[in-house]
Amino acid sequence: MALSGRMDAESAPQFDEQCNICIAEGLEVLVADLGELTYVSSMGLRSFVAAAKALREKGGELRLCRLRGLVKQVFEITGLIRSFSVYESPDAAVLGGQ
């Protein structure tokens, strides 16, 4: 799923809903392309953490790709970057680094 613009209290519920739909459909690995995301708030971070937790409980994983600029800095400063598999491209994320 490609995200763009801002991930905040207004947009995070849409991401949560889409992730929940995908998980309910049985998907175990989700790839979030953050290349066009320009801002992430604490609410946005919470959504990423919640999706990752829900996927882990099902034996899956949330993979992030194309972390850039301010969004990458937020993940690094909070230490959350260590909680995710991060890839340079969507293709690499889909393959899982293989």
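No lab work stands behind these numbers, since they all come straight from the coordinates. Keep in mind that what you see is a predicted model, and the values were worked out from it rather than measured. Glycine also receives a Cβ, built like all others from the backbone with ideal geometry; neighbour counts cover every protein chain displayed.
In what sequence do Met1, Met7 fall when counting other Cβ within 10 Å, fewest first?
By the 10 Å Cβ count, ascending, the order reads Met1, Met7.
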message = Under 8 Å for C-alpha pairs, at least 6 residues apart: give me the relative contact order for the chain, rounded to a whole percent.
response = 30
note = Given Cβ charges of +1 for Lys and Arg and -1 for Asp and Glu, the option among Leu34, Ser85, Asn20 whose Cα lies farthest towards the positive end of the dipole of the chain is Ser85
inquiry  = Based only on other Cβ atoms within 10 Å, what is the fewest-to-most ordering of Asp16, Asp8?
reply    = Asp8, Asp16
[x] 44, 30, 19; [y] 31, 31, 21; [z] 48, 23, 18, with the label sought being that of the calculated Cα extents along the principal axes in Å = [y]
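Run through segment 14-97 and list the trypsin sites (Lys or Arg not before Pro) located in a DSSP loop whose Cβ has at most 13 other Cβ atoms within 10 Å.
Working: sites: Arg46, Lys53, Arg56, Lys58, Arg63, Arg66, Arg68, Lys72, Arg82; in loops: Lys58, Arg66, Arg68.
Sites meeting the loop and neighbour criteria: Lys58, Arg68.
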